[in-house]
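The values are calculated or read from the model by the stated rules, or taken from the named source; none is laboratory data. Note that this is a predicted model, so its numbers are computed, not measured. Because the Cβ atoms are built from the backbone with ideal geometry, glycine has one as well, and the counts that use them run over all protein chains shown.
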Amino acid sequence: GQQLNQSPQSMFIQEGEDVSMNCTSSSIFNTWLWYKQDPGEGPVLLIALYKAGELTSNGRLTAQFGITRKDSFLNISASIPSDVGIYFCAGYNFNKFYFGSGTKLNVKP
Amino acid sequence: EAGVAQSPRYKIIEKRQSVAFWCNPISGHATLYWYQQILGQGPKLLIQFQNNGVVDDSQLPKDRFSAERLKGVDSTLKIQPAKLEDSAVYLCASTTTWGTGYNEQFFGPGTRLTVL
């Protein structure tokens, strides 16, 4: 299957700091997605990106669809304690979703 | 609208026992996915249904896993017999339609399976 490499695996940051995580693939995707998963819950969609070069924001979150269609990044600005969780990137092609291994974010108040 | 429902939320069994999970997708969602999420990893697709037909089960360990969606609505995933390495969270997800490009995928809360 198509593999996504997500980094970093985990991050420990101070409240108020900005965070950046990224995802790369050997395959081209038509859509890039970023999800957040809280403990005991399923992933929830944060941002969807539909075309190469697209830069999209959702509040303090900003994500970009790489020009090569093989990568994407997510930035979180001015982190707050409720940002704690696991963030997953995913690529979408032809009714299938392929997930990265996740970035676990810890925010110290 | 109600979200994707899954039950049970937690299950502990011994190896070689059987277990079944149930999923009810969002009303009207034609496509249903079962994923296995091992601790520290992202969801991995096990099986994908379009209405009541299987469209992809290439990653399903068919010697022990089975799934059905008889009436094109709710679905069950079964493991028989379970192995230690089956310990994971089993996520169900659904999307509205098939073949019309990207549609948002909605996840249930998952069933956490522990095999002792």
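Per the listing A:F99, A:F12, the residue uniquely hydrophobic (A, V, I, L, M, F, W, C) and buried (at least 22 other Cβ atoms within 10 Å of the Cβ) is A:F99. State whether one or more residues within the range B:49-66 are away from every other protein chain (no Cβ under 14 Å) and within 11 Å of the chain's Cα centre (by Cα). Within the range B:49-66, one or more residues are away from every other protein chain (no Cβ under 14 Å) and within 11 Å of the chain's Cα centre (by Cα). Within the range B:59-116, the residues that satisfy the criterion of being in contact with a helix residue (DSSP H, G or I) (Cβ under 9 Å, 6 or more places away or on another chain) and either in contact (Cβ under 8 Å) with a residue 40 or more places away in the chain or part of a strand (DSSP E or B) (or both) are B:F65, B:I79, B:L113, B:V115, B:L116. Of all the criteria given as (1) within 12 Å of chain A (Cβ to nearest Cβ); (2) outside any strand (DSSP E or B); (3) crowded, with 17+ Cβ neighbours inside 10 Å; (4) not acidic (D, E), the one not satisfied by B:H29 is (1). Of the residues making up the range A:14-28, those that are out of contact with any helix residue (DSSP H, G or I) (no Cβ under 9 Å at 6 or more places or on another chain) and within 15 Å of A:P109 (Cα to Cα) are A:Q14, A:G16, A:E17, A:D18.
The rows are residues; the columns are (1) part of a loop (DSSP other than H, G, I, E, B); (2) modelled with pLDDT under 95.
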{"site": "A:A48", "(1), (2)": "no, no"}
{"site": "A:S57", "(1), (2)": "no, no"}
{"site": "A:A63", "(1), (2)": "no, no"}
{"site": "A:I67", "(1), (2)": "yes, no"}
{"site": "A:F73", "(1), (2)": "no, no"}
{"site": "A:S79", "(1), (2)": "yes, no"}
{"site": "A:S82", "(1), (2)": "no, no"}
{"site": "A:Y92", "(1), (2)": "no, yes"}
{"site": "A:N106", "(1), (2)": "no, no"}
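Restricting attention to the range B:32-58, the residues that are assigned to a loop (DSSP other than H, G, I, E, B) and surrounded by 20 or more Cβ atoms within 10 Å (Cβ to Cβ) add up to 2. Evaluation of A:S27 against the conditions (1) more than 11 Å from chain B (Cβ to nearest Cβ); (2) modelled with pLDDT of 95 or more; (3) outside any strand (DSSP E or B) shows that the sole unmet condition is (2).
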